[in-house]
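Each remark here refers to the structure printed beneath this line.
Laboratory data are not the source of any read-out in this text; all were calculated from the coordinates shown. No experiment lies behind these values; they were computed from the predicted model shown. Reconstructed Cβ throughout: ideal geometry from the backbone, glycine too, with neighbour counts over all protein chains shown.
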Amino acid sequence: MKTRFTCGFVAGSLLVLVSLRSVPSFSAAAAEPSSETGLLPVRDLQWRGVGSCTSSNCHGGDTRDGLRGSEYAVWARLDPHARAFQVLSNERSQRIVRNLADGDERRAPQRPLCLACHADPAPANHRAPDFTLEDGVGCESCHGPAQKWLSNHYLDSWKTLTPAEKEALGMHPTKQLETRLQQCVGCHVGSEQADVNHDLIAAGHPRLRFEAGSYLARMPHHWDAREDKARYPDFEARAWALGQVESARRALDLLAARAAGAAAGHKPWPEFAEYDCFACHHELTVEPTHTPREDHKLGSLVWGNWYYTLLPDLESADAGAGRQAVPNSLRTLRQSMEKPSPDADRVALEAKTAARELEPWAARLGRESLNASRVQGLLKTVVRDDAALAASTWDRAVQHYLADAALYNGLTDLDPGYRSPERRDALIGLRRLLSVPDAYDSPQNYSPVSVKAQLKLIEQRFAR
Amino acid sequence: MQLFALIRRVLVPAVVVALLGAAEVLPRAAAQEKPTLKPFYYGAPMCSGRTGCHGDKEPVKDTKSICRCIEATIWEQKDKHRLAYDTLTGARGQAMGKLLGMDVTDPQKGCVACHGVIVPAGATVHEKSFNKAEGVTCVVCHGAHAEWVDEHASVTRLEKFRVLPREIKEKDYGMTDLWHADKRARVCASCHIGNTGERKVVTHAMYAAGHPPLPGFEIATFSEEMPRHWQYPREKSEEVQKIQNFSKEFARFEQTRLVLIGGVASFRESLRLLGSQAEECAKASDTARRVLDFAQFDCYACHHELRTPSWRQTRGYPGPPGRLSMRPWPTTLVRVALRQQGRQASEMDTQLRKLAGAFTERPFGNVEKIAAEARALETWSEGLLKAVENEPIDVAGACRVLEELASFAEEEYPDFDAARERAWAFLIVFGELKEKPYTDELKQPAGKKLDMMLDLRLPPRKGNDPQIFAGLPKRLECMTNYDPIRFRLLFGEVAQALVKK
């Protein structure tokens, strides 16, 4: 079995999301969120609940005959999504609610903001009798409300339907990478209804920092990943590239919603969660720990280091020279956001514009495969980034690491001759420099100098 | 006719007497108006130059002398203020200037307001002695006026001048009465906290460029560690104590009074700075400038490593979580002053509530409300300060101050600067009560632990090195590792044990 290069420390962040301790059961009758918890348009379709999938003849097998037919067993035992609702009753969630101090007496399991991501987003009047919130993020969260496809998706005729026809019946065709990623970013990046903002983070909620390639790699697969590779030989690289664009689109939509909400007076502004956490959250030191950008006013907020750092690289490698729409729109947005008092109306417009500019790009990446030459081109562009800038903050450095790892995996799938222990060791060395003991703590000993040197080494070893 | 006679015999003389009386009063009133004093800027060599002034090597033995004649010598050789300007021309100052894109030695746009002497337009300068590179010299604290300099330097007029009350020396001759705790606090706080009107404001960009963080300011401790070039009142002869109008109570508890009055004055000056900065923001037409400079917020609200578990999340927040607030250390001694007055310490929280709300209403606060509430609190604190000034202190009172400092409210989580404020105040008051140096307790095992946690010693100058940068890594490390719960436990233990002594 081929040894895969995994992104171990990011896994910790995923696991931290869910407490593994047993928690008291919760009666669904005790709380009914509003009908506005839906993240995706569900139309007038009923959600059947996880129970409708778990027959041992369907998806509730016990994996003795392989993964197919045992999807529920894998999800229930291994997938943190299965425990997403339970964590709302743990000590941390109770502390978050206490710290919010917003005058709302409801506990976390009863709050729409929490349920938007920690349970199936089924509107209250669209739930079958067996539906229960206690299932957490269940099957229909990603696969869509099952009313119109539950009884026919196992028939031969189902295979003849196009993805659009399946979507029309309520099932999201998650075998398509772009559709799959769109389900992820709804919660893992956020939306107007599911907004993990700085108030919530300060109250105790972990920061959201989603990167598609590593999250897909670490999520326990209840499907056969070989099918992914068969459909997408460039899967690792494509998941990363498409993930960058889909995450950025969603992040820009979220920014637009935050700014519009602020202009309307019901969201805080400026929204601190938009900015680089560690530009502020670091101890005071004799010498600076993060290197300031040349175009950045000393001591001011830093925007856009997580979701947008590698978009310029992706665009220049993918689209070729001459196309500058994405970097320009981001530059404009950065200038607006890094003012001490960003203009909310202006930011809402600029963010919407930037998000729209990414749509055709996402569609194209969904359609077109990346051959070895294109993946290598991407990898070279990323490793040749200005090492000082890439190392200037932890967020930028981590995005570079995740890009390097995903593209290396992708390239070695397409061109096994590219694999080498030296390259792998260089990546492991970078990961070690970026690791923090608790995934959500700040990188107290982050050293831009060491990371820059390691990035230079990676450039050298990947320069073929 | 009879009525007319009455008016002529009684009322006219009465009116004349009244008018004469007014004539008596009016010149006296004119005499009580502050005379216009001549601004005069001089350098330290003028004070130390001639033998018999302040530049001697050994203290004068005459017990009738108010001064010891070695003040300028101490300042020249040991005081860090002497090196304040040198830090601008040194490596860090120049590096900061490069990052900020400015000449830090420019008297108009640079850093000289705190690191040197700004000579206002039209002032007379004693060219022979004045040197801008001398740092913060005598003139800054003792008064930039020719009248007192001439009187007290005159061979013929000194005897008459020296026995004048301190208030008259200040009002009529411009010699700042630095024995008056509030007056001293205003002078010190203008730099050590900041003052908008005097252009003494450290901005966040300066910190980002490399300015050491301004520590919490406890005036008695900082006076000691200048080091102090004057004697305590109790060390003066009886004759000098009489001239200077030092009461027995003042002589015995001068440091304790300074701690309490200085503590409230620091709070007032912090609010004055905050209010004036917020007012400037509120008036700005450019929306980018309608946000308070980040240096006006609590540094540690942002500048802390994110760690799980987090004591901040365990503690909770007074309003919406994750919002910025003002620096809390100035409130520390105000609570003690309230208790000294027999009032509740929680009165501080009630007063602060509206200002706190103005800060947390939105992420960078509501500048109009911050300005209004800061000014209101400034006025309130002025009232408290006057009350504290009028309250005599005795042994029992000093012990009560120590007991207050040794105890914490249940929900109190002092930050690093507030912890130092409390520890310094305690050591000063305790040292005065026992009539020994405040640093003695830091040599004991428990005091050493406290020192390790809070870096309480302000290091003395070494030659031409003020030691502020040399000591910075240790201070910042203590700041990073600081935990309010461990501080409460340790300080509570140390302080309670000392109170029992």
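Quick notes
- The modelled label-to-label distance between B:Ala91 and B:Glu239, using points 7 Å beyond Cα along the C-beta direction, is 5.3 nm.
- For chain A, averaging the sequence separation of C-alpha pairs within contact (under 8 Å, six or more residues apart) and dividing by the residue count gives a relative contact order of 16 percent.
- For chain B, the relative contact order comes to 14 percent (Cα pairs under 8 Å, sequence separation of at least 6).
- With a Förster radius of 35 Å applied to the C-beta separation of A:Thr160 and B:Thr308, the computed FRET efficiency comes to 0.10.
- Farthest towards the positive end of the charge dipole of chain A, among the residues A:Tyr232, A:Phe272, A:Met337, is the Cα of A:Tyr232, using unit charges on the Cβ of Lys, Arg, Asp and Glu.
- Amide H contacts for B:Tyr41 (H built 1.01 Å from N in the peptide plane; partners 5 or more residues away or on another chain; cut-off under 5 Å): B:Thr124, B:Val125, B:His126.
- Packing-based order for A:385-396, B:334-345, using average beta carbon neighbours within 10 Å, highest first: A:385-396, B:334-345
- Among A:Pro109, A:Val189, A:Ala122 the positive-end extreme of the charge dipole of region A:86-233 (Cβ point charges): A:Val189
- Only helices enter the 222 nm calculation for chain B: every DSSP H run of n ≥ 4 contributes -39,500 (n - 2.57), and dividing by all residues gives -16500 deg cm²/dmol, rounded to 500.
- Each Cα pair under 8 Å and six or more residues apart adds its separation to the average, and for region B:48-188 the resulting relative contact order is 15 percent.
- Where no second cysteine Cβ lies under 4.7 Å, the cysteines concerned in chain B: B:Cys47, B:Cys53, B:Cys67, B:Cys69, B:Cys111, B:Cys138, B:Cys141, B:Cys188, B:Cys281, B:Cys299, B:Cys399, B:Cys478
- Our coupling estimate for region A:339-351, obtained by passing each phi through the Karplus curve with A = 6.51, B = -1.76, C = 1.60 and θ = phi - 60°, is 6, x, 10, x, 6, 4, 4, 5, 5, 4, 5, 5, 5 Hz, Gly and Pro reported as x.
- Per-residue mean of C-beta atoms belonging to partner chains within 10 Å, peptide A:334-341: 3
- Listed peptides B:301-312, A:112-123 appear in the order A:112-123, B:301-312 once ranked by packing, highest mean of other Cβ atoms within 10 Å at the front.
- At most 12 other Cβ within 10 Å, DSSP loop - GluC sites (Glu not before Pro), region B:68-130: B:Glu127
- A:Glu368-A:Thr332 FRET efficiency (beta carbon distance; Förster radius 35 Å; 0.05 resolution): 0.80
- FRET efficiency for A:Ser450 and A:Asp44, using Cβ-Cβ distance with R0 set to 51 Å, rounded to 0.05: 0.35
- Dipole in debye (nearest 20) - chain A, about Cα centre, beta carbon charges: Lys, Arg +1; Asp, Glu -1: 900 debye
- Shielding by partners - mean other protein chain Cβ count within 10 Å, residues of B:311-318: 4
- Stretching B:Asp298 away from B:Lys443 to a fully extended chain increases their span by 49.0 nm, per 0.36 nm per residue minus the current alpha-carbon distance.
- Overall, region B:180-299 carries a charge dipole of about 280 debye about its Cα centre when +1 sits on the Cβ of Lys and Arg and -1 on the Cβ of Asp and Glu, all other atoms neutral.
- Using Cβ point charges alone (K and R +1, D and E -1), the dipole size of region B:449-495 about the Cα centre works out to roughly 100 debye.
- Across peptide B:362-370, the mean count of Cβ atoms from other chains lying within 10 Å of each residue's own Cβ comes to 2.
- Chain A, helix-only ellipticity at 222 nm - DSSP H runs n ≥ 4, -39,500 (n - 2.57), divided by all residues, nearest 500: -14500 deg cm²/dmol
- Anisotropy class assigned to chain A is oblate, per the alpha carbon gyration tensor with a/c at or over the 1.5 cut-off and a/b no larger than b/c.
- Global form of region B:382-458, assessed from the alpha-carbon gyration tensor, a/c cut-off 1.5: oblate
- Karplus 3J(HN,Hα) series, Hz, for region A:109-122 with 6.51 cos²θ - 1.76 cosθ + 1.60 (x for Gly, Pro): x, 10, 9, x, 4, 6, 5, 4, 10, 8, 8, 4, x, 8
- Using θ = phi - 60° and Karplus 6.51 cos²θ - 1.76 cosθ + 1.60, couplings along region A:423-430 (whole Hz; Gly, Pro as x): 5, 4, 4, 4, 5, 4, x, 5
- Modelled this way, with points 7 Å down the Cα-to-C-beta line, the labels at B:Asn481 and B:Ala284 are 3.9 nm from one another.
- Whether region B:306-438 is rounded, prolate or oblate, judged on the alpha carbon gyration tensor where a/c under 1.5 counts as rounded: oblate
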